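Before any comments, here is the structure.
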Amino acid sequence: MRKFLVVLDDSRECLNAMRYAAMRAAKTGGGVEILAIIPPDEFQHWIGVSDIMRAEARERIEAHFQVFAKWMRDRQGVDPHLVIREGEPVPELMTQIRDDKEIGILVLGAGTGKSGPGPLVSQLSKTAGTLPIPITVVPGSLSKEQLEAIT
């Protein structure tokens, strides 16, 4: 089964990427894999404190994932899978793509603010020609209706 890989983060544009991936998966008989990456700089504390912070980060990710997963199951009939990795975002993303041969498309949400489309979109667009799979960049400004029309 071909899977759409979506990165879960705290950005507003993440919502549109999730919606797009679920709608496309539902319409094409694919799956959705949601990748959350915990950056290493969150754990630059004493060992005991970093263990607690790591557990709290995982709990936040799980709670955030459950919201998206419920919507995907209820509205689109898609049961997503969550993967949590720790490290630098781009290398961890690339490792996940290499490790899971069923991933067929990477779906990223593009920010609409003054700071640009977001770090992943900016970094990966520079090397898009060498990636092993296509990237779909979903504008963060699209409405639900617009997303439904294009999926």
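Taken together, the values in this text are just the output of simple stated rules run on the coordinates, not laboratory data. Please read these numbers as outputs of a predicted model, since none were measured by experiment. Cβ sites come from the backbone with ideal geometry, for glycine too, and all protein chains shown count toward neighbours.
Residues Phe4, Phe68 in ascending order of nearby Cβ atoms (within 10 Å, fewest first): Phe68, Phe4.
The helix-only estimate of mean residue ellipticity at 222 nm for the chain, built from DSSP H runs of length n ≥ 4 each weighted as -39500 (n - 2.57), is -14000 deg cm²/dmol after division by the residue total. Taken one residue at a time, the phi angles of region 59-75 give Karplus couplings (6.51, -1.76, 1.60, θ = phi - 60°) of 5, 4, 5, 4, 5, 5, 4, 4, 5, 5, 4, 4, 4, 4, 5, 5, 8 Hz. Gly and Pro are set to x.
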